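Each reported figure results from applying straightforward, stated rules to the coordinates on display, with no laboratory input. A quick note: this is a predicted structure, and the numbers were derived from the prediction, not measured. No Cβ is skipped: glycine too gets one built from the backbone with ideal geometry, and neighbour counts run over all protein chains shown.
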């Protein structure tokens, strides 16, 4: 699987781009993709500040949080990141101009998040600012999330679905006591090879393998679309 480094860019790095960064990071966790995600702004207005309170509130409504501090986009970002994703047309044009003047366009791709709409069409994403009402931020969250999911699908990556253990499913006990005993035995033993039997090692390996499942392309696409 190809490792990617993505950077979302808006003007102030206070509303749109930190929201996209957090949404994409959450999707990375759910799809077992280990990409590096960051965001930045083209203006100095908010350097060192937390993202806008409405941005953080919408993320919290969806069980997400951000530890990001607003930063300024630099020329070095062209060299470091594989894909730089502009949140709107104004930022996209400015990034292209900047890349051309500094001859850095060859080091990465400059794209727009709005390109990744459903059915191969472009998507409308609200241009967020601190003056927007909370409803606009809510609408933008879903617009950004849909585009981020489509971006993942367009990368032709293999999705791995992890089945987390449930304490209520099928009336089973919260944890497999036998499994815990075997793992404790491995952790406490100074020489695990002498403590484990061949059968016990196979049991632990089988348990761990059952927690993840590599999906075919069609199943992976369906899985991502439902996130």
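First measure r as the distance between the Cβ atoms of residue 156 and residue 135, then evaluate 1/(1 + (r/R0)^6) with R0 = 35 Å and state the FRET efficiency to the nearest 0.05. Walk me through the numbers before you get to the answer.
Numbers: r = 35 Å, r/R0 = 1.01.
So the FRET efficiency works out to roughly 0.50.
Given axes a ≥ b ≥ c from the Cα gyration tensor, I'd like to know whether the range 1-94 is rounded (a/c under 1.5), prolate (a/b larger than b/c) or oblate.
Here the range 1-94 falls in the oblate category.
Quick one: length gained pulling residue 5 to residue 53 fully straight, 0.36 nm per residue minus the C-alpha distance?
Once the chain is fully extended between residue 5 and residue 53, it gains 14.6 nm.
Along Cα→Cβ, 7 Å out, is where each label goes; now give me the distance between the ones at residue 79 and residue 30 in nm to one decimal.
In this crude spin-label approximation the distance works out to 3.7 nm.
Highest mean first, how do 13-20, 44-51, 91-98 rank when packing is the count of other Cβ atoms within 10 Å averaged over residues?
Numbers: 13-20: 29.1, 44-51: 15.5, 91-98: 17.5.
In decreasing order of mean packing, 13-20, 44-51, 91-98 become 13-20, 91-98, 44-51.
Where the centroid of each part is defined by its Cα atoms, how far is the range 6-69 from the range 83-157 in Å?
13
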